[in-house]
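Participant: Encoded as structure tokens, here's the structure I'll be asking about.
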Amino acid sequence: MEDEKKYNPNEFESKMFDLWEKENVYSTSIQSSGSKREKAFCLSMFPYPSGAGLHVGHVRIYTGTDVLARYFKMIGRDVLHPMGWDAFGLPAENAAIKAKKNPIDMVPGNIANFKRQMNMLGLSYDWKREFSTTDPSYYKWTQWLFIQFFKMGLLYKRNTPIHWCPKCKTGLAEEEVLANGTHERCGSEITKKELPQWIFRITAYAEQLLDDLKLLDWPKGILEMQKNWIGKKEGVNVQFKAEGSNLNVECFTTRIDTLFGVVAVVVAPEHQIAVESAKENADVKTYIDEAQKKSAIDREDNTKKKTGVFTTHYVLHPLTDKKIPVWVGDYVLGSVGTGAVMVVPAHDQRDYDFAKVYGLDVIPVVAPQKGEKQVVNEAYENDGIAINSGKYSDLSSYEARKAITADLEGGNKGKKMISYHLRDWIFSRQRYWGEPIPMVHCEQCAKKGTTVYNKKFTIPDEVQTANKGWIPLTDKQLPLELPYTASYEPTDTGESPLSAIPGFTETTCPVCGGKAQRETDTMPNWAGSCWYFMRFAQEKRGETLPEFMQGLQNSSWMPVDWYLGGAEHAVLHLLYARFWVKALRDLGLVNYAEPFLRLRNVGMVLAEDHRKMSKSWGNTINPDDVVAQYGADTLRMYEMFMAPFNMEIAWSTAALQGGHRFLKRVWALYTSQNHKIEKSNPELVNKLNKTIQKVGDDIAQTKFNTAIAALMEFLNAYEATPELQDSEAKKFIQIIAPFAPFITEKIWRDVFKENTSVHLSTWPTQTEVDIKETSVEVPVQVNGKFRGIVKVPVGAEQEEIVKVALVAEGIQKYLEGKKYRLIYVKGKICNFVLL
RNA sequence: GUCGGGGUGGCGAAAUUGGCAGACGCGCUAUCUUGAGGAGGUAGUGCCCAAAAGGCUUGGAGGUUCAAGUCCUCUCCCCGACACCA
């Protein structure tokens, strides 16, 4: 190099990018099924390309995945590192409505901008695999998959209430409804509206979705959240026979061992008994009417007293025939369990509260310990020993559950039940900007009972009934393209905007050729993200069905090895994608059970003021500005260094300079050396060896912050003793390369005159170095308090250390003339415990 | 309320998993250098005490241990998800 030149990333970053493009540096090597090399499919959750461009939070995820991809490539794995666009969905549609444009016209510009920014950041994507979920060539297959799921009986039509904003006259997504039951945009109170909708039977896979969690290397907390979301509960449906009528009540309980403590049965206001009893009892009628009127706001209020009303009906206790009063209470929900609960005030806090209000008995039937007299002033909800429970007394709660369940089942008075919190997935949206659902409804076929189900599967009767007359399009009719239209705003009937497009609904039946009506609902945003990773992994995408199926079946890239993204997708996206993969496996289209082997969460990037970045706060940071000022490498270094990858961070412009300074020093060191070093300093090589090891280990554990700390530490040492010959000096550049791809490439080519990219180089090995570590330092404690360090020869035995310690300055005075016991842990600690 | 994640210098954090708490970075102080700079070098920097000696220190209180940021019990605070789930 000629004279020292200032580090000026803007001068070369885009040139390096051009070189990479020209030299095809990031094209994916084919992972053929015969490949002996290990694969690494590194994937960031793909973005919705908004008009606002990349957020510094995006930069964090993508850089993390990029570091992994670059590292794995360097250690010799076949790497797949793709990127694409999740462009369907509400935000895009709302933005388009605001801009008075069709989203179809807006998406390409947004994508181009995102892509420009990603390239600016030096992300090593293989753009040959890029696609958008809105490409007809992609959603053709999303539609095809929908049809396969329909044919295996996983989809059915059902009337389902949607959130409805009466003011905006539009259906709303869950996320548009605020916690207080109002619409996030207009603030009006949300009501419900019943519409026929496509429902996915995800509950059919509840057990597998729960079971297979054990196959996954995911953060513990996310696994826990998935488990709780599926919410498996084992219990008993127990029959309470009506006295003098046929109005029996069935209650689900997980605590059948408390059956002898039942003092009442409470049914939900929607329950049949409540409805029946309202006909003859004015109080009940009033109560139910009131309950139905209650808004979301009231129901939110959990400080309110439990309320209820006695129906005047009685049922009989299944084991004792005791008369049990039946109440209606709005704290019981029609949609949970059987819509009725048995009230055991002694062992359920809500029941206890209810009993206190209405003066019901509190009968303790579980004691914490055998023989213990239980004092009840709040519910005792734990297990214990059964008391006051007839022949079951003295059994443990667990034993009592088993015994009572067995006896109930024997007497036909109860049945073991497993219940799940997970509910079926509503898959219809009455919106324009989604994949059209490729189904038609044919009256003639409905009458004839024509079906097109996949013969390999048994289709439940309910599903068959619900789907009467629904016929999927043929493969040749796909894609069913979203019609281009000027008016795609939500309709005021609640139906999809597609229903208002002339000529869209009328069609012919693919089976009988008669008149048929098209489905006008579209798919939710989740649809595209349920299988996009498999699309990336297809070696050949193929336009024909056989090619497509082969592309799925023969991909040796799947499953994803590293999946990085925000914890906000802990439940929904990850659960839905897992569900699709399991269904596809049952269809024989893939041969793995789980899509994402390793999941790592990225923490949010907050603004400098510790609030969320938002235009309205005026605290946003635009990656373009940061790159213009400091270069992309600085931004990348900073975001990787600031904190552990999964922790939330607040932006700090000051700390950003730290990363910049590091790169400047690297630049200065490498561009200023004008003489060759003949022989490397062995101490420094030793340190370099350790750094190579640590950086690699840390990257593989997504501990990017400590990897960079190690790089900084080495730089400090290197600057103090700038004695590395080229073969060693290059190694340091190589291990910085995953983090700062531009500056390292520049130095690699200009200083070391290499003409193949540093990013295609092999991760450096450690050089044998002849260093005799002659002495070791052993920390010395007296009575567990650190008092100093002694230096002893390597391999020194206990006596030797003691000898040195006894005369060492700072230690001696604590030991003089004292008797002691010695704790010595070789290589770790020497502790004198005075007697 | 339930579940999950956290609490370590002025700040972001580290700690080989029970063995020298505070690596690395930011900031700050002193000093040198530069025509200037959101520049660079050197030294220092957890807290208390004028300094040394010494003592204290990982939200708080107990406990186990020769030894606790790390393990156990109780407790306080912050963030996220769900929320009357039977």
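The values are calculated or read from the model by the stated rules, or taken from the named source; none is laboratory data. Model, not experiment: these values are computed from the prediction. Cβ: placed from backbone, ideal geometry, glycine included. Neighbour counts: every protein chain shown.
Participant: Which condition does A:Thr702 not pass, out of (1) assigned to a helix (DSSP H, G or I); (2) within 30 Å of A:Tyr563 (Cβ to Cβ); (3) in contact (Cβ under 8 Å) with a residue 24 or more places away in the chain, if it passes all the others?
Facilitator: Checking A:Thr702 against (1) assigned to a helix (DSSP H, G or I); (2) within 30 Å of A:Tyr563 (Cβ to Cβ); (3) in contact (Cβ under 8 Å) with a residue 24 or more places away in the chain, the one that fails is (1).
Participant: What number of residues within region A:319-328 are away from RNA strand B (no atom under 16 Å from the Cβ) and in contact with a helix residue (DSSP H, G or I) (Cβ under 8 Å, 6 or more places away or on another chain)?
Facilitator: Going residue by residue through region A:319-328, those that are away from RNA strand B (no atom under 16 Å from the Cβ) are A:319-323, A:325.
Then drop every residue that is not in contact with a helix residue (DSSP H, G or I) (Cβ under 8 Å, 6 or more places away or on another chain), which leaves A:319-320.
Selection size over region A:319-328: 2.
Participant: Also, I was wondering about something else. Somewhere in region A:255-270, is a residue of a type in the set (A, V, I, L, M, F, W, C), more than 11 Å from RNA strand B (Cβ to nearest atom) and part of a loop (DSSP other than H, G, I, E, B)?
Facilitator: Checked against the condition, which is being of a type in the set (A, V, I, L, M, F, W, C), more than 11 Å from RNA strand B (Cβ to nearest atom) and part of a loop (DSSP other than H, G, I, E, B), region A:255-270 yields at least one hit.
Participant: Still on this structure: Can you pull out the residues in region A:187-229 that are within 16 Å of RNA strand B (Cβ to nearest atom), outside any helix (DSSP H, G or I) and farther than 26 Å from A:Met523 by Cα?
Facilitator: A:Leu216, A:Asp217, A:Trp218, A:Pro219
Participant: Quick test for you: out of A:Glu768, A:Glu777, pick the one residue that is modelled with pLDDT under 85, more than 14 Å from RNA strand B (Cβ to nearest atom), within 23 Å of A:Lys694 (Cβ to Cβ) and outside any helix (DSSP H, G or I). If you could, list the steps in order and put the result at the bottom.
Facilitator: Numbers: A:Glu777 fails: more than 14 Å from RNA strand B (Cβ to nearest atom).
Step by step, each of A:Glu768, A:Glu777 is checked, and only A:Glu768 is modelled with pLDDT under 85, more than 14 Å from RNA strand B (Cβ to nearest atom), within 23 Å of A:Lys694 (Cβ to Cβ) and outside any helix (DSSP H, G or I).
Participant: Can you give me the number of residues within region A:634-684 that are among the small types (Gly, Ala, Ser), surrounded by 14 or more Cβ atoms within 10 Å (Cβ to Cβ) and under 15 Å from A:Ala729 (Cα atoms)?
Facilitator: 2
Participant: Ok, one more. Check every one of the strands (runs of 3 or more DSSP E) wholly within region A:783-835 and list those with 1 or more residues that are surrounded by fewer than 13 Cβ atoms within 10 Å (Cβ to Cβ) and of a type in the set (Lys, Arg). Let's see the steps before the verdict.
Facilitator: Values: elements: A:785-793, A:820-825, A:829-834.
Filter on region A:783-835 gives A:785-793, A:820-825.
Participant: A further question on this structure: Return yes or no: is A:Lys227 surrounded by fewer than 20 Cβ atoms within 10 Å (Cβ to Cβ) and in contact with a strand residue (DSSP E or B) (Cβ under 8 Å, 6 or more places away or on another chain)?
Facilitator: Spelling it out, it is not the case that A:Lys227 is surrounded by fewer than 20 Cβ atoms within 10 Å (Cβ to Cβ) and in contact with a strand residue (DSSP E or B) (Cβ under 8 Å, 6 or more places away or on another chain).
Participant: Follow-up. Condition first: touching a residue at least 40 places away in the same chain (Cβ under 8 Å), away from RNA strand B (no atom under 11 Å from the Cβ) and on the phi > 0 side of the Ramachandran plot. Can you find one or more residues in region A:178-186 that meet it?
Facilitator: yes
Participant: Given the residues A:Ala720, A:Ala737, which is the only one that is within 16 Å of RNA strand B (Cβ to nearest atom) and out of contact with any Leu (no Cβ under 6 Å at 6 or more places or on another chain)?
Facilitator: Working: A:Ala737 fails: within 16 Å of RNA strand B (Cβ to nearest atom).
Selected residue: A:Ala720, the only one of A:Ala720, A:Ala737 that is within 16 Å of RNA strand B (Cβ to nearest atom) and out of contact with any Leu (no Cβ under 6 Å at 6 or more places or on another chain).
Participant: Of the residues in region A:46-105, how many are under 29 Å from A:Gly618 (Cα atoms) and hydrophobic (A, V, I, L, M, F, W, C)?
Facilitator: Here the count works out to 15.
Participant: For region A:652-663, indicate whether the set of residues that are over 19 Å from the mean Cα position of the chain (by Cα) and in a strand (DSSP E or B) is non-empty. Write out each step before concluding.
Facilitator: We begin by selecting, within region A:652-663, every residue over 19 Å from the mean Cα position of the chain (by Cα); these are A:652-663.
Checking which are in a strand (DSSP E or B) leaves us with none.
No, region A:652-663 has no match at all.
Participant: Another question about this same structure. Hey, could you check region A:788-814 for residues that are farther than 15 Å from A:Tyr824 by Cβ and within 52 Å of the chain's Cα centre (by Cα) and say which is farthest from RNA strand B (Cβ to nearest atom)?
Facilitator: Among those that are farther than 15 Å from A:Tyr824 by Cβ and within 52 Å of the chain's Cα centre (by Cα), it is A:Val794.
Participant: Here is a further query. Conditions: (1) outside any loop (DSSP other than H, G, I, E, B); (2) more than 15 Å from A:Tyr138 (Cβ to Cβ). A:Pro490 meets all but one. Number of the miss?
Facilitator: (1)
Participant: When region A:329-362 is examined, which residues are found to be farther than 24 Å from A:Lys233 by Cβ and either within 44 Å of the chain's Cα centre (by Cα) or near RNA strand B (Cβ under 8 Å from one of its atoms) (or both)?
Facilitator: If we filter region A:329-362 for residues that are farther than 24 Å from A:Lys233 by Cβ, which is where we start, we get A:356-362.
Of everything in region A:329-362, those that are farther than 24 Å from A:Lys233 by Cβ and either within 44 Å of the chain's Cα centre (by Cα) or near RNA strand B (Cβ under 8 Å from one of its atoms) (or both) turn out to be A:Lys356, A:Val357, A:Val362.
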